[in-house]
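*Asks:* Input: one structure, supplied below.
The values are calculated or read from the model by the stated rules, or taken from the named source; none is laboratory data. These numbers come from a predicted model, not from an experiment. Glycine also receives a Cβ, built like all others from the backbone with ideal geometry; neighbour counts cover every protein chain displayed.
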Amino acid sequence: MPIPLALIASGSTVIVESHEAGSERFLAAASKILDRIPPNSSRLSYAFEEWLFHYVSEEGFVYLCVADGEGGRRLPFAFLSEVQKQFLAQSSQAQLQDPTVADFSSFHAVLNALRQRFSNAPQSDPVKAAQAELGAVKDIMTQNVEQILSRGERIELLMDRTGEAANQSLAFRRRAKDLRRSMWWKNTKVTAMAAFCAIVFVLLMYSYFS
């Protein structure tokens, strides 16, 4: 199952990242997801087109990857578990305590190798051992990327829709007012014509019998 993008972040700051050529478009969506991940430990999957963004957030670090949505979630979370284990094992305490200024470039090769290994892993691969440890992954929630819009963005969208509805309502009221005015003039003309005909008829009858 292809894993075109994998990264590790401290909060919302990416400290090491690996991706396939042509997968740069996932970086913008990943950045939005990182900005909205709560500080508490969590695991979540976000749907984006035919892809899924999976992440594990623990102790201030976020381990995130993109995988084919049809491939399920057990393998991606097994991958993230292995990334987390090797990252913590190979990083010094000084690096982990101040990750935003530490140099994690040496882990890029490890992350890239893991990404390729899990992307091409057959079912008989030792990866199955890691998969077995993640049976609870089936309970991880999946959300749509559109749901990560901030409250301000949703309010702005709501205001746009409310304004559009108000404009449509105003246009409808104007059309109704114009229609009422047109009908009033039409009724007035008919009434005036009927009154004129009645007067002419009375005058003719008066002149005939006088």
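*Asks:* Among residues belonging to region 48-68 that are over 15 Å from Ile8 (Cα atoms) and surrounded by fewer than 17 Cβ atoms within 10 Å (Cβ to Cβ), point out the one that is modelled with the highest pLDDT.
*Replies:* The residue in question is Asp68.
*Asks:* Take region 2-26 and flag every residue that is among the aliphatic types (A, V, I, L, M), crowded, with 16+ Cβ neighbours inside 10 Å and part of a loop (DSSP other than H, G, I, E, B).
*Replies:* Ile3
*Asks:* So is Leu88 assigned by TED's automatic domain parsing to the domain that holds Val16 and farther than 13 Å from Ala6 by Cβ or not?
*Replies:* Yes, satisfied.
*Asks:* Within the bounds of region 46-55, is there any residue that is aliphatic (A, V, I, L, M), assigned by TED's automatic domain parsing to the domain that holds Gln116 and touching a strand residue (DSSP E or B) at 6+ places or on another chain (Cβ under 7 Å)?
*Replies:* Yes, there is a match, as at least one residue in region 46-55 is aliphatic (A, V, I, L, M), assigned by TED's automatic domain parsing to the domain that holds Gln116 and touching a strand residue (DSSP E or B) at 6+ places or on another chain (Cβ under 7 Å).
*Asks:* Continuing with this model, one more query. What are the residue pairs meeting all of these: first residue in region 180-209, first residue assigned to a helix (DSSP H, G or I), second residue among the basic types (Lys, Arg), Cβ atoms under 9 Å, and 6 or more apart or on different chains?
*Replies:* none
*Asks:* Given the condition within 24 Å of the chain's Cα centre (by Cα), surrounded by 16 or more Cβ atoms within 10 Å (Cβ to Cβ) and either hydroxyl-bearing (Ser, Thr, Tyr) or closer than 19 Å to Asn120 by Cβ (or both), answer yes or no: does some residue in region 29-45 qualify?
*Replies:* Within region 29-45, one or more residues are within 24 Å of the chain's Cα centre (by Cα), surrounded by 16 or more Cβ atoms within 10 Å (Cβ to Cβ) and either hydroxyl-bearing (Ser, Thr, Tyr) or closer than 19 Å to Asn120 by Cβ (or both).
*Asks:* Hey, could you check region 27-47 for residues that are closer than 30 Å to Gln93 by Cβ and assigned to a strand (DSSP E or B) and say which is modelled with the lowest pLDDT?
*Replies:* Only one residue fits best here, namely Ser42.
*Asks:* Would a scan of region 48-69 turn up a residue that is in contact with a His (Cβ under 7 Å, 6 or more places away or on another chain) and not hydrophobic (A, V, I, L, M, F, W, C)?
*Replies:* Among the residues of region 48-69, not one is in contact with a His (Cβ under 7 Å, 6 or more places away or on another chain) and not hydrophobic (A, V, I, L, M, F, W, C), which makes the answer no.
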